[in-house]
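The values are calculated or read from the model by the stated rules, or taken from the named source; none is laboratory data. Nothing here was measured: the structure is a model prediction, and the numbers come from that model. Note that we place each Cβ from the backbone using ideal geometry, even for glycine, and neighbour counts take in every protein chain shown. Please note that ligands, DNA and RNA were not included when accessible areas were found on the heavy atoms of the full protein model with its side chains. Shrake-Rupley method; radii C 1.70, N 1.55, O 1.52, S 1.80 Å.
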Amino acid sequence: MALYRRAASAIRQRGALPLLPARAMASLFGHVEPAPKDPILGVTEAFLADPSPDKVNVGVGAYRDDNGKPVVLDCVREAERRIAGNLNMEYLPMGGSMHMIEESLKLAYGEDSEFIKDKRIAAVQALSGTGACRLFADFQKRFLPDSQIYIPTPTWSNHHNIWRDAQVPQRTFSYYHPESRGLDFAGLMDDIKNAPNGSFFLLHACAHNPTGVDPTEEQWREISYQFKLKNHFPFFDMAYQGFASGDPERDAKAIRIFLEDGHQIGCAQSYAKNMGLYGQRAGCLSILCEDEMQAVAVKSQLQQIARPMYSNPPVHGALVVSIILSDPELKNVWLGEVKGMADRIIGMRKALRENLEKLGSPLSWEHVTNQIGMFCYSGMTPEQVDRLTSEYHIYMTRNGRISMAGVTTGNVAYLANAIHDVTKSN
(Lines give C-alpha, C1' and ligand atoms only; values in the text may rest on other atoms or scores of the structure.)
Protein backbone atom coordinates (compact mmCIF):
# COMPACT_ATOMS: atom_id res chain seq x y z
CA MET A 1 0.00 0.00 0.00
CA ALA A 2 2.88 2.36 0.90
CA LEU A 3 4.51 1.57 -2.45
CA TYR A 4 1.25 2.43 -4.23
CA ARG A 5 1.01 5.79 -2.42
CA ARG A 6 4.61 6.70 -3.35
CA ALA A 7 3.98 5.79 -7.00
CA ALA A 8 0.76 7.81 -7.13
CA SER A 9 2.53 10.79 -5.52
CA ALA A 10 5.29 10.62 -8.09
CA ILE A 11 2.80 10.55 -10.95
CA ARG A 12 0.97 13.57 -9.57
CA GLN A 13 4.23 15.49 -9.26
CA ARG A 14 4.89 14.84 -12.96
CA GLY A 15 1.43 16.22 -13.75
CA ALA A 16 0.03 12.99 -15.21
CA LEU A 17 -2.64 12.60 -12.54
CA PRO A 18 -4.02 16.05 -11.63
CA LEU A 19 -5.77 16.48 -8.34
CA LEU A 20 -9.33 17.82 -8.66
CA PRO A 21 -10.71 20.02 -5.90
CA ALA A 22 -13.41 18.29 -3.82
CA ARG A 23 -15.87 21.01 -4.84
CA ALA A 24 -15.25 20.29 -8.54
CA MET A 25 -15.94 16.59 -8.01
CA ALA A 26 -19.11 17.33 -6.06
CA SER A 27 -20.43 19.64 -8.76
CA LEU A 28 -20.36 16.83 -11.32
CA PHE A 29 -23.87 15.86 -10.20
CA GLY A 30 -24.76 19.14 -8.56
CA HIS A 31 -27.31 19.97 -11.24
CA VAL A 32 -29.38 16.83 -10.56
CA GLU A 33 -32.69 17.73 -8.94
CA PRO A 34 -34.83 15.30 -6.91
CA ALA A 35 -37.31 13.46 -9.14
CA PRO A 36 -40.99 14.23 -8.57
CA LYS A 37 -42.75 11.65 -6.44
CA ASP A 38 -44.70 8.98 -8.23
CA PRO A 39 -48.39 9.96 -7.84
CA ILE A 40 -49.38 6.41 -6.94
CA LEU A 41 -46.47 5.28 -4.78
CA GLY A 42 -46.49 8.64 -3.00
CA VAL A 43 -49.97 7.81 -1.68
CA THR A 44 -48.59 4.78 0.15
CA GLU A 45 -45.74 6.80 1.63
CA ALA A 46 -48.20 9.32 3.05
CA PHE A 47 -50.46 6.54 4.34
CA LEU A 48 -47.61 4.79 6.15
CA ALA A 49 -46.54 8.05 7.79
CA ASP A 50 -50.05 8.74 9.14
CA PRO A 51 -50.39 7.61 12.80
CA SER A 52 -54.22 7.65 12.73
CA PRO A 53 -55.84 4.32 13.70
CA ASP A 54 -58.70 5.08 11.29
CA LYS A 55 -56.54 5.48 8.18
CA VAL A 56 -57.58 3.70 4.99
CA ASN A 57 -55.47 3.16 1.87
CA VAL A 58 -57.47 2.82 -1.34
CA GLY A 59 -54.70 4.14 -3.55
CA VAL A 60 -52.45 1.28 -4.61
CA GLY A 61 -53.39 -1.43 -7.08
CA ALA A 62 -52.54 -4.53 -5.06
CA TYR A 63 -55.13 -7.02 -3.89
CA ARG A 64 -56.00 -7.31 -0.21
CA ASP A 65 -58.24 -9.79 1.58
CA ASP A 66 -61.26 -8.69 3.60
CA ASN A 67 -58.97 -7.97 6.54
CA GLY A 68 -56.89 -5.61 4.43
CA LYS A 69 -53.92 -8.02 4.31
CA PRO A 70 -51.78 -9.07 1.33
CA VAL A 71 -52.62 -12.47 -0.13
CA VAL A 72 -50.47 -15.32 -1.40
CA LEU A 73 -52.65 -17.75 -3.37
CA ASP A 74 -52.76 -21.41 -2.36
CA CYS A 75 -51.81 -22.42 -5.89
CA VAL A 76 -48.69 -20.25 -5.63
CA ARG A 77 -47.75 -21.81 -2.28
CA GLU A 78 -48.10 -25.27 -3.82
CA ALA A 79 -46.02 -24.31 -6.85
CA GLU A 80 -43.30 -22.93 -4.58
CA ARG A 81 -43.35 -26.15 -2.54
CA ARG A 82 -42.66 -28.11 -5.72
CA ILE A 83 -39.86 -25.73 -6.71
CA ALA A 84 -38.06 -25.74 -3.34
CA GLY A 85 -35.04 -28.04 -3.39
CA ASN A 86 -36.02 -29.60 -6.70
CA LEU A 87 -35.21 -27.05 -9.40
CA ASN A 88 -32.05 -25.06 -10.05
CA MET A 89 -31.75 -21.30 -10.41
CA GLU A 90 -29.60 -21.15 -13.53
CA TYR A 91 -29.86 -18.28 -15.99
CA LEU A 92 -32.79 -18.41 -18.35
CA PRO A 93 -32.21 -17.73 -22.07
CA MET A 94 -32.55 -14.10 -23.19
CA GLY A 95 -36.12 -14.82 -24.27
CA GLY A 96 -37.00 -16.41 -20.95
CA SER A 97 -38.75 -19.66 -20.04
CA MET A 98 -40.22 -21.38 -23.06
CA HIS A 99 -42.57 -23.32 -20.78
CA MET A 100 -43.97 -20.12 -19.29
CA ILE A 101 -44.27 -18.51 -22.73
CA GLU A 102 -46.17 -21.48 -24.13
CA GLU A 103 -48.65 -21.42 -21.25
CA SER A 104 -49.03 -17.63 -21.48
CA LEU A 105 -49.84 -17.78 -25.17
CA LYS A 106 -52.54 -20.39 -24.58
CA LEU A 107 -54.05 -18.17 -21.89
CA ALA A 108 -54.12 -15.08 -24.14
CA TYR A 109 -54.76 -16.55 -27.61
CA GLY A 110 -56.73 -19.68 -26.67
CA GLU A 111 -55.85 -23.29 -25.89
CA ASP A 112 -56.42 -24.37 -29.50
CA SER A 113 -55.17 -21.22 -31.21
CA GLU A 114 -54.24 -21.73 -34.85
CA PHE A 115 -51.63 -18.99 -34.47
CA ILE A 116 -49.79 -20.99 -31.82
CA LYS A 117 -49.94 -24.15 -33.96
CA ASP A 118 -48.64 -22.25 -36.99
CA LYS A 119 -45.83 -20.72 -34.88
CA ARG A 120 -46.79 -17.22 -35.98
CA ILE A 121 -46.35 -15.60 -32.56
CA ALA A 122 -43.05 -14.02 -31.51
CA ALA A 123 -42.99 -14.09 -27.72
CA VAL A 124 -40.56 -13.49 -24.90
CA GLN A 125 -40.81 -13.53 -21.11
CA ALA A 126 -40.90 -9.97 -19.78
CA LEU A 127 -40.56 -8.12 -16.50
CA SER A 128 -44.30 -8.17 -15.87
CA GLY A 129 -46.60 -5.91 -17.88
CA THR A 130 -44.41 -2.84 -17.49
CA GLY A 131 -41.42 -4.64 -18.97
CA ALA A 132 -43.51 -6.08 -21.79
CA CYS A 133 -44.75 -2.60 -22.71
CA ARG A 134 -41.22 -1.19 -22.59
CA LEU A 135 -39.80 -3.95 -24.79
CA PHE A 136 -42.51 -3.33 -27.34
CA ALA A 137 -42.01 0.45 -27.21
CA ASP A 138 -38.29 0.04 -27.89
CA PHE A 139 -39.04 -2.44 -30.67
CA GLN A 140 -41.47 0.05 -32.20
CA LYS A 141 -38.89 2.85 -32.06
CA ARG A 142 -36.12 0.71 -33.53
CA PHE A 143 -38.01 -0.80 -36.45
CA LEU A 144 -40.77 1.74 -37.11
CA PRO A 145 -38.97 4.98 -36.19
CA ASP A 146 -41.51 7.23 -37.88
CA SER A 147 -44.50 5.75 -36.04
CA GLN A 148 -46.29 7.11 -33.00
CA ILE A 149 -48.51 5.59 -30.32
CA TYR A 150 -52.11 6.58 -29.55
CA ILE A 151 -52.81 6.28 -25.82
CA PRO A 152 -56.30 6.52 -24.24
CA THR A 153 -57.32 9.49 -22.10
CA PRO A 154 -56.91 8.69 -19.29
CA THR A 155 -54.60 5.71 -18.87
CA TRP A 156 -52.22 4.21 -16.34
CA SER A 157 -49.71 7.01 -15.82
CA ASN A 158 -46.69 4.78 -16.45
CA HIS A 159 -47.79 4.17 -20.04
CA HIS A 160 -46.76 7.73 -20.86
CA ASN A 161 -43.41 7.27 -19.13
CA ILE A 162 -42.70 4.03 -21.00
CA TRP A 163 -43.26 5.34 -24.53
CA ARG A 164 -41.66 8.70 -23.64
CA ASP A 165 -38.44 7.04 -22.49
CA ALA A 166 -38.46 4.86 -25.61
CA GLN A 167 -38.67 8.15 -27.55
CA VAL A 168 -41.85 7.18 -29.36
CA PRO A 169 -44.07 10.22 -30.08
CA GLN A 170 -47.42 10.05 -28.31
CA ARG A 171 -50.90 11.09 -29.26
CA THR A 172 -54.07 10.55 -27.27
CA PHE A 173 -57.53 9.30 -28.16
CA SER A 174 -60.86 9.82 -26.42
CA TYR A 175 -61.94 7.13 -23.99
CA TYR A 176 -63.62 8.26 -20.77
CA HIS A 177 -66.78 10.37 -20.62
CA PRO A 178 -66.71 12.33 -17.33
CA GLU A 179 -70.40 13.27 -17.32
CA SER A 180 -71.67 9.70 -17.68
CA ARG A 181 -68.72 8.13 -15.85
CA GLY A 182 -68.66 5.72 -18.77
CA LEU A 183 -67.14 5.20 -22.20
CA ASP A 184 -66.93 8.04 -24.70
CA PHE A 185 -67.60 5.61 -27.55
CA ALA A 186 -68.46 8.28 -30.14
CA GLY A 187 -65.29 10.23 -29.39
CA LEU A 188 -63.22 7.04 -29.41
CA MET A 189 -64.53 5.99 -32.82
CA ASP A 190 -63.98 9.46 -34.27
CA ASP A 191 -60.37 9.45 -33.11
CA ILE A 192 -59.79 5.99 -34.58
CA LYS A 193 -61.23 7.15 -37.90
CA ASN A 194 -59.24 10.38 -37.94
CA ALA A 195 -55.87 8.84 -37.04
CA PRO A 196 -53.47 8.32 -39.97
CA ASN A 197 -53.75 4.90 -41.59
CA GLY A 198 -51.53 2.30 -39.98
CA SER A 199 -51.35 3.99 -36.57
CA PHE A 200 -50.41 2.18 -33.37
CA PHE A 201 -53.01 2.17 -30.59
CA LEU A 202 -52.57 1.12 -26.97
CA LEU A 203 -55.70 -0.70 -25.79
CA HIS A 204 -56.56 -2.06 -22.34
CA ALA A 205 -57.80 -5.62 -22.91
CA CYS A 206 -60.03 -5.55 -19.82
CA ALA A 207 -60.51 -3.68 -16.52
CA HIS A 208 -59.29 -0.35 -17.89
CA ASN A 209 -56.93 1.39 -15.49
CA PRO A 210 -57.81 3.86 -13.98
CA THR A 211 -61.47 4.10 -15.02
CA GLY A 212 -62.77 0.53 -14.77
CA VAL A 213 -64.73 1.29 -17.97
CA ASP A 214 -64.60 -1.34 -20.72
CA PRO A 215 -66.30 -1.41 -24.13
CA THR A 216 -69.10 -3.95 -24.52
CA GLU A 217 -68.54 -6.95 -26.77
CA GLU A 218 -70.49 -5.26 -29.55
CA GLN A 219 -68.44 -2.07 -29.15
CA TRP A 220 -65.22 -4.09 -29.34
CA ARG A 221 -66.45 -5.57 -32.61
CA GLU A 222 -67.09 -2.08 -34.01
CA ILE A 223 -63.65 -0.94 -32.85
CA SER A 224 -62.03 -3.97 -34.49
CA TYR A 225 -63.92 -3.31 -37.72
CA GLN A 226 -62.74 0.30 -37.83
CA PHE A 227 -59.17 -0.76 -37.06
CA LYS A 228 -59.34 -3.09 -40.03
CA LEU A 229 -60.55 -0.33 -42.33
CA LYS A 230 -57.73 1.95 -41.19
CA ASN A 231 -55.06 -0.77 -41.00
CA HIS A 232 -54.25 0.27 -37.41
CA PHE A 233 -52.10 -1.90 -35.18
CA PRO A 234 -53.62 -2.77 -31.76
CA PHE A 235 -51.28 -3.28 -28.83
CA PHE A 236 -53.17 -4.79 -25.89
CA ASP A 237 -52.02 -4.29 -22.33
CA MET A 238 -53.67 -7.20 -20.48
CA ALA A 239 -52.80 -6.73 -16.80
CA TYR A 240 -56.03 -8.16 -15.35
CA GLN A 241 -56.95 -11.34 -17.24
CA GLY A 242 -59.22 -13.30 -14.91
CA PHE A 243 -59.09 -10.62 -12.27
CA ALA A 244 -61.73 -8.44 -13.93
CA SER A 245 -64.71 -10.78 -14.30
CA GLY A 246 -63.35 -13.89 -12.61
CA ASP A 247 -63.17 -15.68 -15.99
CA PRO A 248 -59.89 -15.50 -17.98
CA GLU A 249 -61.68 -16.46 -21.21
CA ARG A 250 -64.23 -13.67 -20.85
CA ASP A 251 -61.51 -11.16 -20.02
CA ALA A 252 -59.61 -12.10 -23.21
CA LYS A 253 -62.68 -11.51 -25.39
CA ALA A 254 -61.42 -8.25 -26.90
CA ILE A 255 -58.22 -9.93 -28.07
CA ARG A 256 -60.12 -12.90 -29.48
CA ILE A 257 -62.41 -10.56 -31.46
CA PHE A 258 -59.41 -8.85 -33.07
CA LEU A 259 -57.86 -12.24 -33.86
CA GLU A 260 -61.10 -13.46 -35.46
CA ASP A 261 -61.11 -10.33 -37.63
CA GLY A 262 -57.64 -11.07 -38.96
CA HIS A 263 -55.56 -8.43 -37.18
CA GLN A 264 -51.91 -8.69 -36.34
CA ILE A 265 -51.68 -7.69 -32.69
CA GLY A 266 -49.25 -7.15 -29.84
CA CYS A 267 -50.00 -8.19 -26.27
CA ALA A 268 -48.44 -7.47 -22.87
CA GLN A 269 -49.39 -9.97 -20.15
CA SER A 270 -48.82 -9.68 -16.42
CA TYR A 271 -49.21 -12.15 -13.57
CA ALA A 272 -49.00 -9.50 -10.84
CA LYS A 273 -52.72 -9.14 -10.24
CA ASN A 274 -54.24 -12.45 -11.33
CA MET A 275 -51.67 -14.61 -9.50
CA GLY A 276 -50.56 -12.11 -6.89
CA LEU A 277 -46.96 -12.27 -8.18
CA TYR A 278 -46.41 -8.54 -7.75
CA GLY A 279 -42.78 -8.72 -6.69
CA GLN A 280 -41.81 -11.57 -9.01
CA ARG A 281 -42.16 -9.43 -12.16
CA ALA A 282 -43.58 -12.25 -14.27
CA GLY A 283 -45.01 -11.36 -17.65
CA CYS A 284 -44.94 -12.03 -21.38
CA LEU A 285 -44.74 -9.95 -24.55
CA SER A 286 -46.14 -11.44 -27.75
CA ILE A 287 -46.50 -10.16 -31.31
CA LEU A 288 -48.61 -11.98 -33.89
CA CYS A 289 -46.71 -12.03 -37.20
CA GLU A 290 -47.55 -12.92 -40.79
CA ASP A 291 -45.76 -16.27 -40.74
CA GLU A 292 -43.30 -18.43 -38.81
CA MET A 293 -40.24 -16.93 -40.49
CA GLN A 294 -41.27 -13.41 -39.53
CA ALA A 295 -41.99 -14.55 -35.97
CA VAL A 296 -38.48 -16.00 -35.65
CA ALA A 297 -36.97 -12.72 -36.84
CA VAL A 298 -39.10 -10.57 -34.54
CA LYS A 299 -38.35 -12.73 -31.51
CA SER A 300 -34.63 -12.54 -32.18
CA GLN A 301 -34.83 -8.75 -32.23
CA LEU A 302 -36.87 -8.62 -29.01
CA GLN A 303 -34.15 -10.72 -27.38
CA GLN A 304 -31.49 -8.34 -28.68
CA ILE A 305 -33.34 -5.41 -27.12
CA ALA A 306 -33.62 -7.26 -23.80
CA ARG A 307 -29.94 -8.24 -23.68
CA PRO A 308 -28.45 -4.82 -22.75
CA MET A 309 -31.46 -3.98 -20.55
CA TYR A 310 -31.40 -6.92 -18.13
CA SER A 311 -29.70 -9.77 -20.03
CA ASN A 312 -32.33 -12.37 -19.13
CA PRO A 313 -35.50 -12.40 -17.02
CA PRO A 314 -35.89 -13.84 -13.49
CA VAL A 315 -36.56 -17.53 -13.09
CA HIS A 316 -38.64 -17.95 -9.93
CA GLY A 317 -41.87 -16.28 -11.09
CA ALA A 318 -41.58 -18.06 -14.44
CA LEU A 319 -41.41 -21.41 -12.65
CA VAL A 320 -44.45 -20.57 -10.51
CA VAL A 321 -46.54 -19.55 -13.54
CA SER A 322 -45.45 -22.57 -15.58
CA ILE A 323 -46.27 -25.06 -12.85
CA ILE A 324 -49.70 -23.56 -12.15
CA LEU A 325 -50.85 -23.27 -15.74
CA SER A 326 -49.51 -26.63 -16.93
CA ASP A 327 -50.98 -28.74 -14.11
CA PRO A 328 -54.75 -29.18 -14.69
CA GLU A 329 -55.56 -29.62 -10.99
CA LEU A 330 -53.44 -26.68 -9.90
CA LYS A 331 -54.82 -24.54 -12.71
CA ASN A 332 -58.34 -25.27 -11.47
CA VAL A 333 -57.29 -24.15 -8.00
CA TRP A 334 -56.01 -20.90 -9.54
CA LEU A 335 -59.21 -20.39 -11.52
CA GLY A 336 -61.20 -20.71 -8.31
CA GLU A 337 -58.91 -18.33 -6.44
CA VAL A 338 -58.84 -15.65 -9.14
CA LYS A 339 -62.63 -15.80 -9.31
CA GLY A 340 -62.73 -15.41 -5.55
CA MET A 341 -60.63 -12.25 -5.76
CA ALA A 342 -62.79 -10.83 -8.56
CA ASP A 343 -65.99 -11.68 -6.71
CA ARG A 344 -64.81 -9.97 -3.52
CA ILE A 345 -64.10 -6.77 -5.43
CA ILE A 346 -67.46 -6.93 -7.21
CA GLY A 347 -69.10 -7.40 -3.82
CA MET A 348 -67.31 -4.37 -2.41
CA ARG A 349 -68.53 -2.30 -5.35
CA LYS A 350 -72.11 -3.25 -4.51
CA ALA A 351 -71.57 -2.53 -0.80
CA LEU A 352 -70.03 0.90 -1.44
CA ARG A 353 -72.86 1.92 -3.75
CA GLU A 354 -75.53 0.65 -1.33
CA ASN A 355 -73.98 2.52 1.59
CA LEU A 356 -73.82 5.77 -0.37
CA GLU A 357 -77.43 5.44 -1.47
CA LYS A 358 -78.59 4.66 2.09
CA LEU A 359 -76.95 7.88 3.24
CA GLY A 360 -79.23 9.79 0.86
CA SER A 361 -76.51 10.98 -1.50
CA PRO A 362 -77.92 13.38 -4.10
CA LEU A 363 -75.53 11.93 -6.69
CA SER A 364 -75.84 8.82 -8.84
CA TRP A 365 -73.38 6.07 -7.92
CA GLU A 366 -74.41 3.58 -10.61
CA HIS A 367 -70.96 3.88 -12.15
CA VAL A 368 -69.44 2.19 -9.07
CA THR A 369 -71.10 -1.10 -10.04
CA ASN A 370 -71.08 -0.51 -13.80
CA GLN A 371 -67.30 -0.28 -13.85
CA ILE A 372 -65.17 -3.42 -13.51
CA GLY A 373 -61.83 -4.53 -12.15
CA MET A 374 -59.62 -3.24 -9.40
CA PHE A 375 -60.35 0.45 -9.82
CA CYS A 376 -63.38 2.68 -9.51
CA TYR A 377 -63.17 6.09 -11.16
CA SER A 378 -65.31 7.86 -8.60
CA GLY A 379 -65.70 11.26 -10.26
CA MET A 380 -64.45 13.06 -7.16
CA THR A 381 -62.39 16.21 -7.67
CA PRO A 382 -58.82 16.65 -6.40
CA GLU A 383 -60.15 19.02 -3.75
CA GLN A 384 -62.64 16.43 -2.51
CA VAL A 385 -59.89 13.80 -2.39
CA ASP A 386 -57.75 16.22 -0.36
CA ARG A 387 -60.60 16.56 2.15
CA LEU A 388 -60.89 12.79 2.43
CA THR A 389 -57.23 12.66 3.36
CA SER A 390 -57.09 15.65 5.71
CA GLU A 391 -60.39 15.01 7.50
CA TYR A 392 -60.83 11.24 7.31
CA HIS A 393 -57.29 9.85 6.75
CA ILE A 394 -58.43 8.15 3.53
CA TYR A 395 -55.71 7.92 0.91
CA MET A 396 -56.15 7.68 -2.87
CA THR A 397 -54.77 9.33 -5.99
CA ARG A 398 -56.04 12.88 -6.58
CA ASN A 399 -57.85 11.89 -9.79
CA GLY A 400 -60.46 10.19 -7.60
CA ARG A 401 -59.42 6.64 -8.47
CA ILE A 402 -60.43 4.20 -5.72
CA SER A 403 -58.62 0.88 -5.50
CA MET A 404 -61.52 -1.41 -4.63
CA ALA A 405 -59.00 -3.98 -3.38
CA GLY A 406 -58.49 -1.75 -0.35
CA VAL A 407 -62.21 -1.67 0.49
CA THR A 408 -63.32 -4.22 3.10
CA THR A 409 -66.48 -5.05 5.03
CA GLY A 410 -64.80 -3.38 7.97
CA ASN A 411 -64.17 -0.01 6.32
CA VAL A 412 -66.77 0.30 3.55
CA ALA A 413 -69.31 2.15 5.73
CA TYR A 414 -66.62 4.56 6.97
CA LEU A 415 -65.45 5.15 3.39
CA ALA A 416 -68.99 5.74 2.14
CA ASN A 417 -69.74 8.19 4.96
CA ALA A 418 -66.58 10.16 4.19
CA ILE A 419 -67.31 10.24 0.44
CA HIS A 420 -70.88 11.34 1.13
CA ASP A 421 -69.66 14.15 3.36
CA VAL A 422 -67.24 15.62 0.82
CA THR A 423 -69.59 15.21 -2.18
CA LYS A 424 -73.08 16.00 -0.78
CA SER A 425 -72.84 19.72 -1.53
CA ASN A 426 -72.27 19.12 -5.27
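Compute the normalised compactness of the range 201-342: alpha-carbon radius of gyration over 2.2 N^0.38 Å, N being the residue count.
1.12
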- Message: If you count only protein heavy atoms with a 1.4 Å probe, what accessible area per residue comes out for the chain, rounded to a whole Å²?
- Response: 48
- Could you give the dipole magnitude of the range 92-326 about its Cα centre, charging the beta-carbon of Lys and Arg +1 and that of Asp and Glu -1, in debye to the nearest 20? 720
- Amide H partners (placed H, <5 Å) of Leu183, local residues excluded: His177
- Task: Could you run the Karplus curve 6.51 cos²θ - 1.76 cosθ + 1.60 with θ = phi - 60° over the range 95-105 and give me ³J(HN,Hα) per residue in whole Hz, x for Gly and Pro?
- Result: x, x, 6, 5, 4, 5, 4, 4, 5, 5, 5
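Quote the FRET efficiency, to the nearest 0.05, computed for Thr409 versus Ala186 with a Förster distance R0 of 35 Å and r equal to the Cβ-Cβ distance. Write out the running numbers ahead of the final one.
Numbers: r = 39 Å, r/R0 = 1.11.
The pair Thr409/Ala186 has a calculated efficiency of 0.35.
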- Query: Where both partners of a DSSP beta bridge lie in the chain, what percent of those bridges are antiparallel, to the nearest 5?
  - Reply: 50
- Task: Count the DSSP beta bridges whose two residues both fall in the range 92-326, then state the antiparallel fraction as a percent rounded to the nearest 5.
- Result: 45
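Report the extension gain between Glu260 and Gln304 in nm, rounded to one decimal, defined as 0.36 nm multiplied by the number of residues separating them, less their alpha carbon distance.
Length gained between Glu260 and Gln304: 12.8 nm.
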- Message: Along its three principal axes, how long is the chain when you only count alpha carbons? Whole Å, largest extent first please.
- Response: 85, 57, 53
- Query: What ³J(HN,Hα) values, in whole Hz, does the Karplus curve 6.51 cos²θ - 1.76 cosθ + 1.60 give for the range 126-133 when θ = phi - 60°, with x put for Gly and Pro?
  - Reply: 10, 7, 6, x, 4, x, 5, 4
- Message: How big is the range 289-360 along each principal axis, measuring the range of its Cα positions in Å and listing the largest first?
- Response: 61, 33, 28
- Task: Step through the residues of the range 325-330 one at a time and calculate ³J(HN,Hα) from phi using the Karplus curve (6.51 cos²θ - 1.76 cosθ + 1.60, θ = phi - 60°), rounding each to whole Hz and writing x for Gly and Pro.
- Result: 6, 9, 9, x, 5, 5
- Spacing of the two label points (7 Å from each Cα toward its C-beta) at His177 and Arg250, in nm: 2.3
- Task: With a point put 7 Å past each Cα toward its Cβ, work out how far Leu359 is from Glu391 in nm, to one decimal.
- Result: 1.0
- Rounded to one decimal in nm, the spacing of the 7 Å Cα→Cβ label points at Ala35 and Thr369 is 4.2
- Under-5 Å amide H pairs with Val56, H placed in peptide plane, nonlocal only: Ile394, Tyr395
- Item | Hydrodynamic radius (Kirkwood) for the range 92-326, which is based on Cα pairs only, to one decimal in Å | 17.7
- Message: How large a share of the accessible area of the range 92-326, in percent, is made up of carbon and sulfur atoms when the probe is 1.4 Å and the other protein chains stay in place?
- Response: 49
- Long-range amide H contacts for Ala126: which residues qualify at under 5 Å (H placed 1.01 Å from N, peptide plane, sequence gap of 5 or more or a different chain)? Gly283, Cys284, Leu285
- Would you work out which of Ser224, His31, Gly187 lies farthest towards the positive end of the dipole of the chain, given +1 charges on the beta-carbon of Lys and Arg and -1 on that of Asp and Glu, about the Cα centre? His31
- Note on the structure: Note: probe point = Cα of Arg77 + 7 Å toward Cβ; backbone nitrogen < 15 Å; residues of the range 276-291 passing the test are 276
